[in-house]
Amino acid sequence: MENSDPIIDMQTVYATIVAIVLVLLTVRPAPCRETRFMAIAYHDVVRSRDELASDAVTVDHLVDQFEWLVANRYHPVSIDDLIAARDGTRPLPERAVLLCWDDGYRSFYDLVLPLLRAYHFPAVLALVGSWIRPEMSATVLYGDNRVSRARFLSWQQMREIAASGLVEIASHSYNLHRAVLADSAGDRLPAAIAHVYDPATGTHESDQEQFLRIYNDLNKNQAFLEKRLGIRPRVMVWPYGRYTATALAAAAKAGMPITLTLNPVPGTITNLREIGRIYPTENPGLADFRGYLDPDIAPPVRHFIKVRSKELLDPQPGGEHRYSAFLDRLKALDPGMVTFEPVLRGRHGLLALFPNQVLPLARDRLSRLTWHTSHRGGTDTFLWLSARLLADPALADPASAHAFFRQMGQCAFTAGLLVDQPGLAERLGRSAPGTIPLREVRYWDPARRRQARKQLLKESRDPVISRIMDDLEAFQEGQPFIEVGLVLPLRTLGKLDRRGVTSLLRYVDFLVVNGEGVGPASLAQQLHADLAPLQGTGLLAKISLLVARKSDRDDLEPLLASLPEYNLINWGYAYDDFLHGRPATPRIRPLISKATFPFAVR
């Protein structure tokens, strides 16, 4: 037995090795748990292009889009699927997409439901109670116009849709899909976010009054749909996609913890409270439709101007000459964004442009300046939170600062904030965890940045960081989906390598490098050295350079035109003299318009 044949032993060894290898080849690693999905907000569907409105699609394009989803292995999912994935009872499929239709148009029954049945696609349908309550022969107030009630679904059609097993009936409010009076200037803003202004008393409704108004409306629609359809919705779809922390609380109390927005970012199963949706407009073809469904969204190009807040106000309260000139200037230049401060400098300190209990009121103009700049001027507004404001003694108490920024968020309908706090970049860099994957920060997702800031607020022991993060979070109670930019002195950029920039971009959406006090020759030299470590990383797409405009005879235009040599494509200047049209529109528009993007980023 001691002299057993070694050949037999080796054959056994080889067989064992082969068996192990075969097992290893057949065992696949467990797939990563999907957490993200895309959601699409459709509205009306029409048969021909002659019937198109801006938010409608033709049925042939809708069929093309459904076919494309199937061919590219996308998986339309239901609200039940999202809940199951959140709770860990059933994984979310790869390339999951949530299909939604807002407003309850008749076309959903005539054109969409047959397609959902043919493709076995689930969907969400959001109904406005005040639009479907009247008889079919009546008219309803739709925006500023009266339209036929017959444009919307009949009750028999809604019952058939609800019984299909494919469609989640959601609430789109009872009567919040409209504008309400929001200030003394006569501005009308979406009902779900405005504090209603009473001209008889010259006051706004309180936070509690706003909450009750929204809750009563949502609860009314719940009861109404339950009575007529036997369904009490668990999903709220915000009119115009606009909502606040108060509105979210009202929806949850009314039994709708899941809400759909128009935040153009991927949804995530970890936050069904604020599901972002893309919003196809202008009847997109497949080329545009494919782009909508890419969850890795490239950062926007930021060509911007900075203006002085005091120049936006006429000498006499209520005057509109200066602001009208400003809007005309924006239409002429077409910049991607404009920045100004939410406060003015007075003789005895800062004065606010919105009602609050901390700083004296200069004028109640912030709502008008932000809302109309976006909707009439076609330009996003960013509020510049200057070091002077952040260091004001009146804001030294954390509770006062929280109240101040919360009230600002209720009045400022803006795309974002720019934080100009000396030393904050260094503090944030020290707070960031070890190594941050580059992929985590290269793409555009303000909701993800906010979650990182909220986590930092919980964990940081740095009083400056805690204070700034709390200020931002207080603002976002009123404006949940905004971008936040961090302003850096040029000298600070030189101290940051790739890891340093990545650490900052974990918490903010982009960086603004302030080169206002640097001459062109010195600026060119510093940019060449400071940007070298960032070349080829993709991070330059999230860096903007601010330069100064000294006069009409300086070299602003050649300076901006030279920036692509450093692979910079984002820039702005301070200050634009919109009252006198300086710098001259023909010269500066090609360099500042959001329509101008001739450069590649490496």
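The values are calculated or read from the model by the stated rules, or taken from the named source; none is laboratory data. Here the structure is a predicted model, which is why all the values come from computation and not from measurement. Cβ sites come from the backbone with ideal geometry, for glycine too, and all protein chains shown count toward neighbours.
Here are a few things to note about the model shown:
- Within the stretch 68-110, being in contact (Cβ under 8 Å) with a residue 40 or more places away in the chain, part of a loop (DSSP other than H, G, I, E, B) and among the β-branched types (Val, Ile, Thr) holds for one residue alone: 77.
To keep it simple, each residue is scored yes or no on (1) of a type in the set (Val, Ile, Thr); (2) within 24 Å of residue 395 (Cβ to Cβ).
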site: 448; (1), (2): no, no
site: 451; (1), (2): no, no
site: 464; (1), (2): yes, yes
site: 472; (1), (2): no, yes
site: 485; (1), (2): no, yes
site: 492; (1), (2): yes, yes
site: 504; (1), (2): no, yes
site: 526; (1), (2): no, no
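- Considered as a group, the residues in the stretch 338-350 that are farther than 11 Å from residue 377 by Cβ and touching a residue at least 40 places away in the same chain (Cβ under 8 Å) include one that is surrounded by the most Cβ atoms within 10 Å (Cβ to Cβ), and that residue is 342.
- Flag for residue 357 being surrounded by 19 or more Cβ atoms within 10 Å (Cβ to Cβ) and part of a loop (DSSP other than H, G, I, E, B): no
- The number of residues in the stretch 393-439 being closer than 21 Å to residue 462 by Cα, of a type in the set (D, E, K, R) and surrounded by fewer than 17 Cβ atoms within 10 Å (Cβ to Cβ) comes to 4.
- Sub-9 Å Cβ pairs linking a first residue in the stretch 436-465 that is at negative phi and not assigned by TED's automatic domain parsing to the domain that holds residue 262 to a second residue that is loosely packed, with under 13 Cβ neighbours inside 10 Å and not in a loop (DSSP other than H, G, I, E, B), at least 6 apart or interchain, are 462/430, ordered by first then second residue.
- If the condition is being within 14 Å of residue 65 (Cα to Cα) and buried (at least 23 other Cβ atoms within 10 Å of the Cβ), then the stretch 101-130 contributes only 112.
Every residue, every condition in (1) of a type in the set (Gly, Ala, Ser); (2) assigned to a loop (DSSP other than H, G, I, E, B); (3) in contact with a Cys (Cβ under 7 Å, 6 or more places away or on another chain), yes or no:
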residue	(1), (2), (3)
378	yes, yes, no
382	no, no, no
399	yes, no, no
405	no, no, no
409	yes, no, no
435	no, yes, no
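- Top-ranked residue of the stretch 551-586 - restricted to ones that are over 19 Å from residue 538 (Cα atoms) and of a type in the set (A, V, I, L, M, F, W, C), ranked as surrounded by the most Cβ atoms within 10 Å (Cβ to Cβ): 578
- The residues on offer are 427, 449, 453, 439, and the sole one that is in contact with a strand residue (DSSP E or B) (Cβ under 7 Å, 6 or more places away or on another chain) and in a helix (DSSP H, G or I) is 449.
- Entirely in the stretch 187-294, the helices (runs of 4 or more DSSP H) that have 2 or more residues that are within 30 Å of residue 156 (Cβ to Cβ) and not assigned by TED's automatic domain parsing to the domain that holds residue 364: 207-229
- Subset of the stretch 296-330 (residues that are closer than 14 Å to residue 379 by Cα, modelled with pLDDT of 95 or more and of a type in the set (D, E, K, R)): 306, 328, 329
- Residue match in the stretch 155-175 (condition: farther than 26 Å from residue 117 by Cα and not hydroxyl-bearing (Ser, Thr, Tyr)): yes
- Residue within the stretch 40-56 that is modelled with pLDDT of 95 or more, in a loop (DSSP other than H, G, I, E, B), of a type outside the set (Gly, Ala, Ser) and surrounded by 18 or more Cβ atoms within 10 Å (Cβ to Cβ) present: yes
- Only residues that are within 15 Å of the chain's Cα centre (by Cα) and closer than 12 Å to residue 323 by Cβ were counted in the stretch 372-387, giving 0.
- Test: residue 512 is of a type in the set (A, V, I, L, M, F, W, C), in contact with a Gly (Cβ under 8 Å, 6 or more places away or on another chain), crowded, with 17+ Cβ neighbours inside 10 Å and in contact (Cβ under 8 Å) with a residue 24 or more places away in the chain: yes
- Residue within the stretch 401-421 that is out of contact with any helix residue (DSSP H, G or I) (no Cβ under 6 Å at 6 or more places or on another chain) and either without any contact (Cβ under 8 Å) to a residue 40 or more places away in the chain or hydroxyl-bearing (Ser, Thr, Tyr) (or both) present: no
- Residue selected from the stretch 360-386 under the condition among the charged types (D, E, K, R) and buried (at least 21 other Cβ atoms within 10 Å of the Cβ), by the criterion farthest from residue 410 (Cα to Cα): 380
- Scanning the stretch 486-524 for residues that are aromatic (Phe, Trp, Tyr) and more than 24 Å from residue 560 (Cα to Cα) yields one hit, 507.
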